[in-house]
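Data first, discussion second: the structure below is written as structure tokens.
Where a number appears in this text, it was derived from the coordinates with a stated rule and is not lab data. Computed from a prediction, not measured in an experiment: that's the story for all the values here. Using ideal geometry, Cβ is built from the backbone for each residue, glycine included, and neighbour counts are taken over all protein chains shown.
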Amino acid sequence: MCGVVGLIGEDQAGEKLYPALFALQHRGQDAAGILSYDFERCQFHLEKGLGLVEDVFTSERRQRLKGSMALGHTRYSTIGSVDKEDLQPIFLSYPYGIGMIHNGNVTNYDEIVDYLRDRKLRRTFSRNDLEILMHMVAVGLASRKESADIAGNLSASVKELLQQVQGAYSAIGMLADHGLFAFCDMNGIRPLLIGRKRQGDKYSYCFASEKQVFFGLGFEYWRDLRPGELVLVDKDLNFQSSVLTEKKPRPCMFEWIYFAGSETEWHGRPVYEVRLKLGEILAQECQKQGIDVDLVAPVPDTSRAAACRLAEVLERPYREVLIKNRYVQRSFIVNEPEVRKMMVNLKLSPVQSEIKGKKILLVDDSIVRGTTSNRIVRLLREAGAEKVYLASTCPPIRHPCFYGIDFPEGESLVAHKRSEAEVARILEVDGLVFLPLNRLQEGLGLSSLCSACLDGDYPVPVSSENFLRTRNLNLGGEL
Ligand code: SF4
């Protein structure tokens, strides 16, 4: 999972993406990058590196990002590595000069690599999905280079890409001397939103994973990109769009539950409002199960809205019993196991005065591997809780995700092939309440979703064994 943003029609677009990337930092903390293009000098400028946005972009590096068109990326590695070759943006010099970023996972990666090598004589230098997406665009454009209709050529190239490349991807690209383009896979699994700002009788445009980026840049949110849609904004700010392959949207339900920032919206459904609704449904389920507690507490930060609403419905106090240390973010960069363990422990500290002797209902956004939940439950007991109940705004996650969220292995999921009672025993809780799967659509207010990790109904069929065998996966995160 990653954060993406593209901008055209603004002076120093690359520098402007620096603050915009802070609004997408929660979508990826492994690395960040910005690629800008200067139409006057016909030059790309690329700055990227490992670490948080503020670590990567010194003021000197930011000033090098000249031009009025730019792409920005925050990376969370689910595929590939955190090596430099896998960082985004990336670019190719031929044809025209193409730069790209994306968010998602390609599920038939090896098939496309073989096609590019055997049929198009192209080699890849990374294990990053983006590279094959970019080669597919390049192959299509190169094969049509005799035609001066760039928009038509791009459209035909992306249409071929959408038909051949399977998976979930929302991509933004730049064509040197031509403009900015963006497209989504035909199921629209990953978000991509369009913002704009009036410039005389035209608009400058911004594409981003989340809406708050537009607010920061002084843009207005306009609309979402549709599944299978390609948009091109040329250097004179003319906007063209076409839906190249039409299918029912299958947006990832996990965006609302966990991944997206509370202040964004997608498909007309504000994330914060959805999280409140999920809390309301969970409260009704707790009432059905006769759970009676002294207080309701969130696992920070994503579940705050749901916990707040749940407490209101149950008419119990809402308290913060766990404090998240915002400075302990990236324990994976510490090599010594002892120090690393201490850092993980320091991520969440208990507020003993609010815990001791209390029956606590803890609200979490989801339970994936169960290791974090189990650690928190023990933490509360050690701090003197009388009873610990757990409520999850996500139904049990029983199947892997191959579309860009970091749980591609079924065996690593605590609810995989287990009943809710078995999961409760493993987590050592006094009671466990999941959002019922049959109330998920009601909670999200949408009738068509990707919920494959819950029900096994994959919008793009994938062979799990094949996927794991062929990809260099970064497994074992902390969800
Ligand atoms: S499988 Fe789950 S996490 Fe993955 S895209 Fe679908 S809903 Fe989202």
*asked:* Could you order the peptides 85-98, 236-249 from most to least packed, using the average number of other C-beta atoms within 10 Å per residue?
replied: 85-98, 236-249
*What size of dipole, in debye to the nearest 20, comes out for segment 1-53 about its Cα centre when the only charges are +1 on Lys and Arg C-beta atoms and -1 on Asp and Glu C-beta atoms?*
200
*Size of segment 409-464 along its principal axes in angstrom, Cα-based, largest extent first?*
35, 30, 11
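Most exposed first by the Cβ proxy, i.e. fewest other Cβ within 10 Å, how do 393, 302 rank? Spell out each step's value before the answer.
Working: 393 29, 302 22.
Taking fewest neighbouring Cβ atoms as first place, the list is 302, 393.
To the nearest 0.05, what FRET efficiency results for residue 325 and residue 146 with a Förster distance of 56 Å applied to their C-beta separation?
Values: r = 59 Å, r/R0 = 1.06.
According to the calculation, E is roughly 0.40.
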*Sort out for me the Cα centre separation of segment 5-38 from segment 381-443, rounded to whole Å.*
35
*asked:* Of 424, 349, 289, which is farthest towards the positive pole of segment 271-456's charge dipole, taken about the Cα centre with +1 and -1 on the beta-carbons of Lys, Arg and Asp, Glu respectively?
replied: 349
*Between segment 139-195 and segment 67-122, how many Å separate their Cα centres?*
13
*Charge dipole magnitude, Cβ of K and R +1, D and E -1 - segment 1-117, Cα centre, debye nearest 20*: 200
*Considering every pair of different Cα atoms, what Kirkwood radius, in Å, is found for segment 184-240?*
11.8
*Normalised by the number of residues in segment 3-249, what is the relative contact order in percent for Cα pairs under 8 Å and 6+ residues apart?*
20
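Among 160, 263, 146, which comes first, then next, by fewest other beta-carbon atoms within 10 Å?
Values: 160 16, 263 13, 146 6.
Fewest-to-most ranking of 160, 263, 146: 146, 263, 160.
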*Could you work out how far the C-alpha centroid of segment 235-309 sits from that of segment 355-374, in angstrom?*
19
*Can you spot the lysines whose alpha carbon is less than 21 Å from residue 66's alpha carbon? Ignore those fewer than 8 places along the same chain.*
16, 48, 197, 235
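To the nearest 20 debye, what charge dipole does the chain have about its Cα centre, counting +1 at the Cβ of each Lys and Arg and -1 at the Cβ of each Asp and Glu? Don't jump to the answer; show the numbers that get you there.
Values: 60 positive and 63 negative charges, 48 e Å.
Once rounded to the nearest 20, the dipole reads 240 debye.
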*Would you list which lysines come within 16 Å of residue 359, measuring only between C-alpha atoms, while excluding same-chain residues fewer than 8 positions from it?*
387
_If neighbour count is taken as other Cβ atoms inside 10 Å, put 308, 206, 450, 184 in order from fewest to most._
308, 450, 184, 206
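Out of all Cα-Cα pairs in segment 192-296, roughly what percent, to the nearest whole number, are more than 20 Å apart?
On the way: 2959 of 5460 pairs.
In whole percent, the share of Cα-Cα pairs in segment 192-296 beyond 20 Å is 54.
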*Given the rule -39500 (n - 2.57) for each run of at least 4 DSSP H residues, summed and divided by the residues of the chain, what is its mean residue ellipticity at 222 nm, to the nearest 500 deg cm²/dmol?*
-8500 deg cm²/dmol
_From the P(r) of segment 3-249, could you give the percentage of C-alpha pairs in the tail past 22 Å?_
48
*Mind checking which of 102, 203, 325 is farthest towards the positive end of the chain's charge dipole, using Cβ charges of +1 (Lys, Arg) and -1 (Asp, Glu) about the Cα centre?*
325
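At a 10 angstrom cut-off on C-beta neighbours, averaged per residue, how do the peptides 58-66, 162-170 rank from highest to lowest? Each step should come with its number before you reach the end.
Numbers: 58-66: 15.0, 162-170: 21.3.
Ranking, from highest mean packing down: 162-170, 58-66.
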_Taking the convex hull of Cα positions in the chain, its mean projected area over all directions (nm²)_ = 22.4
*May I ask for the equivalent-ellipsoid semi-axes of segment 271-456, computed as the square root of five times each C-alpha gyration tensor eigenvalue and listed largest first in whole Å?*
24, 23, 15
